[in-house]
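Presented below is the structure to which this report refers.
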Amino acid sequence: MKQRGDTLKVARIYIRTPDKSTVSLKKALLVKDAGIQGDKNARGGDRQLSLLPLKVREDIEKGIVTGLCLPRFTENITYTGDSQLKEGERYLIGEAVIEISGTRKRCFSECENIIKNKPCILVKTVSYAKIISGGNVDENDEIQPFTGMESDWE
């Protein structure tokens, strides 16, 4: 049975434009095998979408956690809730189905955390996903485990 703290919801949606500006959206179209429509990084592969817990984003904004890439890292979807997304699992978000393809961010050797042998919050908390079935995603949409079959969206 689900507990209250386990409900995950889309809190924020971001894209990066070709000129590297970060744009906040209320609604986004997830494109199968690509990424978010309009995102400069929507080029397919295993990291079509990046997701980060809201608590981590807030800690970054407050300066509680530090690191080389924290100021320049922008996830596509920031989500609320205490549960961790699991690699290999599929989730329904709005009209789209995603599959978590990875849960570790790559580090840079010049980062102060690597040099000082300190843990990086992004390594432990960022999830990457492939878009299995495209569709619209809105702020406040729930992120739910997808238990259906492929024929459910074809």
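The values are calculated or read from the model by the stated rules, or taken from the named source; none is laboratory data. Please read all numbers here as calculations on a predicted model, not as lab measurements. All Cβ positions, even for glycine, are placed from backbone atoms using ideal geometry, and neighbour counts span all protein chains on display. Side chains are part of the model used for accessible areas, which takes the heavy atoms of the whole protein and leaves out ligands, DNA and RNA. Shrake-Rupley method; radii C 1.70, N 1.55, O 1.52, S 1.80 Å.
Numerical summary
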quantity: Flag for R47 being within 22 Å of E87 (Cβ to Cβ), open to solvent by 40 Å² or more (accessible area, probe 1.4 Å) and either among the β-branched types (V, I, T) or in contact (Cβ under 8 Å) with a residue 12 or more places away in the chain (or both); calculated: yes
quantity: Residue in segment 36-44 that is open to solvent by 20 Å² or more (accessible area, probe 1.4 Å), over 15 Å from the mean Cα position of the chain (by Cα) and of a type in the set (G, A, S) present; calculated: yes
quantity: Leading residue by the ranking (farthest from N117 (Cα to Cα)) among those in segment 76-87 that are modelled with pLDDT under 95 and open to solvent by less than 50 Å² (accessible area, probe 1.4 Å); calculated: G81
